[in-house]
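The values are calculated or read from the model by the stated rules, or taken from the named source; none is laboratory data. This is a predicted model, so every value here is computed, not measured. Note that we place each Cβ from the backbone using ideal geometry, even for glycine, and neighbour counts take in every protein chain shown. All accessible areas refer to the heavy atoms of the entire protein, side chains included, with ligands and DNA or RNA removed. Shrake-Rupley method; radii C 1.70, N 1.55, O 1.52, S 1.80 Å.
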Amino acid sequence: MAATLHDSSEARVVTHRRRRFNEYAVTAVLFLLPAFAFLGVFVLWPIIDSFRLSFYKWNGVDPDLTFLGVDNWVRLAKDGVFWRAVRNNFIIVFLSLLVQLPIGLALAVLLDSGGRKFSFFKVIYFLPLLLSTVAIGILFKYIYDPYFGIINATLERIGLDALTQEWLSNPKIALYSVIAVICWQYIPFYMVLFLASLSGIPAELREAAYIDGATENKYFWSIVLPLLRGSIITAATLSLIGSLKYFDLIWVMTEGGPVNATELMATYMYKKAFSSFEMGYGATVASALFIVVLVTALTVYFPLQRQEEDIAG
Amino acid sequence: MKTKTSAKTIVILLLALLWLLVAFVPFWFMVLTSFKQSMELMTRPVWAFPDNPILTNFMNVINNRFFRFLTNSSIVVSVSIFLVVIISSMAAYVFARIRFRLNQPLFALIIAGLIVPIHVTLIPIYLLTTRVGIYDSLYALIGPYVAFSLPVSIFILTQFMRQIPYELEDAARIDGCGPMGSFFRIVLPLSRSGLVTIAIFNAVSLWNEFVFAFVLTSSPSTRTLPLAIWDFQGQYASDIPQIMAVLLLSALPLIIAYVIFQEQLVKGIMAGAIKG
């Protein structure tokens, strides 16, 4: 107490500020701690542990793990099923980008041009987003059913018997049948995303373009599309990363079959770890999945970032 | 010119109707079939109206512990959301409002969590859960649910909190309000709509979560709704109307929420996509 009496007012400000600084530092640490605790235990540590397990052979029950070195990774490199899964994942990536984004955009433009008249359409279009992926998978499993499903029944009804298929059990088309469902599920999502940015474009822009003699097509390609750049990149990134992580729908509809025709990295990992109890090899597949996602994300992210800066500069 | 526009309008309308059909027909099939008897589906055309609509399929589902699954889902989702909202608002406050050297790197680290595939964490989390002794209980789900909801929630809330005027906090500071005080008295109350958004977004995605529930629980008493559907499907695989009744009943809570809170729900679901 005596000391403070002799303090100059300047010194008092400094101690005051230091107290404040500490208070902010303490708050920062305290407030970040829970988030990092959860992320550390349930995200970061498991990633590291997966990599560690990938060097062992283990059935998940025995107390002892057998150290294998890089054997699991060598096995993975030669594993035809794994590479098939990687290929399937990338087929989903490309078809998702090619089908979902254009149709989503077209529907958004359509709803945007229709205004209030189309609000009923909007309500229905949005419905698929409310179902869980499991429910969608099971629903479509029965829609595709060759005997009781509605697709074959409808085809027969309109005289297109030749087109009826065993949609999910024919290895040649099973993957595409599943991709069609993925599109059904996600197109509404991209539609709403694009609709949000379309409604942000001021109406004066359209008038100005028309006054300057632009046709509707020209207006779309040279004004609307460039303005949607940001949301198109967002949508593409979401679709890309999401497609690589895909699991639920495929698991429910085909479990990766018939004969690995729809196998994905995630379904293969699940089978290895939890059906045949090869925890070590399952962890290897999981780690490989992580590497593929990380590398893809980085390859897409950095060039985009640079381009963004070029435009901003 | 006139004919051209009207032709175009017709094409647009046709496309709109086509997609309406594509989006709606599966739902129609689900509703129609859930009122049929299982024999009826085999003997009559799939598109026919049920001969005499029955409710037995729904009663079966309800008597098969449907409310147990509904309660399980509600408990897990509400506890997880509660934790996510608290933890992410605290972290977002630090990232949006306190300047320190590690702010940017730590924020980037959290955002990197957005791309982590659940499957790379599955084996270690499963092993951890069995070792701790909470395997096959609702507690097992809360940790991973909270952790995987945090990156996107912190991201959205940080953006949100950055927009609150700094003058408010400066004024409070002059009046002797420290960082904790300004979090609870200024930033948190002003972030209410952001908190609602992340609560809705996470509620919808956790309500439908499958993988963790699939791996970390096994007995019917701990199953959440998506898993209950999955188990039902295994049990009644050949009774299609029965399955459709489960699907319909399990989708009902979200559909009702959608009817009541349409705008807010759509905004919430889309929140995860709003970047940059």
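Excluding ligands, DNA and RNA and using a 1.4 Å probe, chains B and A jointly bury around 7900 Å² of accessible surface, summed across both partners. Taking 4 °C and 1.567 mPa s as conditions, segment B:167-276 diffuses translationally at an estimated 74 µm²/s according to Stokes-Einstein applied to its Kirkwood radius (Cα pairs).
The residues B:Asp136, A:Asp161, sorted by heavy-atom accessible surface at 1.4 Å with ligands and nucleic acids left out, run A:Asp161, B:Asp136 from largest to smallest. To the nearest ten degrees, helix B:2-34 and the longest principal axis of the Cα atoms of chain B are 80 degrees apart. Using the reciprocal of the averaged 1/r over all distinct C-alpha pairs, how large is the Kirkwood radius of segment A:179-275 in Å? The answer is 16.4 Å.
Using a 1.4 angstrom probe on heavy atoms only, work out the carbon and sulfur share of the accessible area of the protein assembly as shown in %. That fraction is 67 percent.
Taken over the alpha carbons of segment A:76-225 as equal point scatterers, the Debye sum produces base-10 log I(q)/I(0) values at 0.15, 0.17, 0.19 Å⁻¹ of -0.95, -1.07, -1.18. Remark: segment A:69-82, residue by residue, has Karplus-estimated 3J(HN,Hα) of x, 8, 3, 4, 5, 5, 4, 4, 4, 9, 7, x, 5, 4 Hz, where x stands for each Gly or Pro and the curve is 6.51 cos²θ - 1.76 cosθ + 1.60 at θ = phi - 60°. For chain B, the pair-distance distribution built from all alpha carbon pairs, in bins 5 Å wide starting at 0, is 1, 5, 10, 11, 13, 12, 12, 10, 8, 7, 5, 3, 2, 1, 0, 0 percent. Normalising the average separation of contacting C-alpha pairs (under 8 angstrom, six or more residues apart) by the number of residues puts the relative contact order of chain A at 28 percent.
Note on segment B:15-57 and segment B:222-276: Cα centroid distance 18 Å, given to the nearest whole angstrom. Near A:Tyr56, the amide H atoms lying under 5 Å from its own belong to A:Leu68; only residues 5 or more places off or on other chains count, and H is placed 1.01 Å from N. If you find the alpha carbon centre of segment A:188-202 and of segment A:70-88, how far apart are they in angstrom? Cα centroid to Cα centroid, the span is 40 Å.
Panel note: contact residues of segment B:134-157 (accessible area lowered by at least 50 Å² against the chain on its own; 1.4 Å probe) correspond to B:Ala147. In a DSSP loop and with at most 14 other Cβ atoms within 10 Å, the chymotrypsin sites (Phe, Trp or Tyr not before Pro) in segment B:1-91 are B:Trp47. Annotation note: trypsin sites (Lys or Arg not before Pro) in segment A:124-231 located in DSSP loop regions with a Cβ neighbour count of at most 13 within 10 Å are A:Lys172. Per residue, the accessible area of the protein assembly as shown comes to 48 Å² when a 1.4 Å probe rolls over the protein heavy atoms.
Kirkwood hydrodynamic radius of segment B:24-86, from the reciprocal of the average inverse Cα-Cα distance over all distinct pairs: 14.3 Å.
Normalised size of chain A, defined as Cα radius of gyration per 2.2 N^0.38 Å with N residues, equals 1.39. The region of chain B that goes longest without hitting one of the trypsin sites (Lys or Arg not before Pro) in a DSSP loop, each with at most 12 other Cβ atoms within 10 Å, is B:102-276.
All alpha carbon pair distances within segment A:182-221 were sorted into 10 Å bins beginning at 0; the resulting P(r) in whole percents reads 26, 36, 26, 11, 1. Overall dimensions of the protein assembly as shown, expressed as equivalent-ellipsoid semi-axes from the Cα gyration tensor (√(5λ), whole Å, largest first), are 43, 34, 25.
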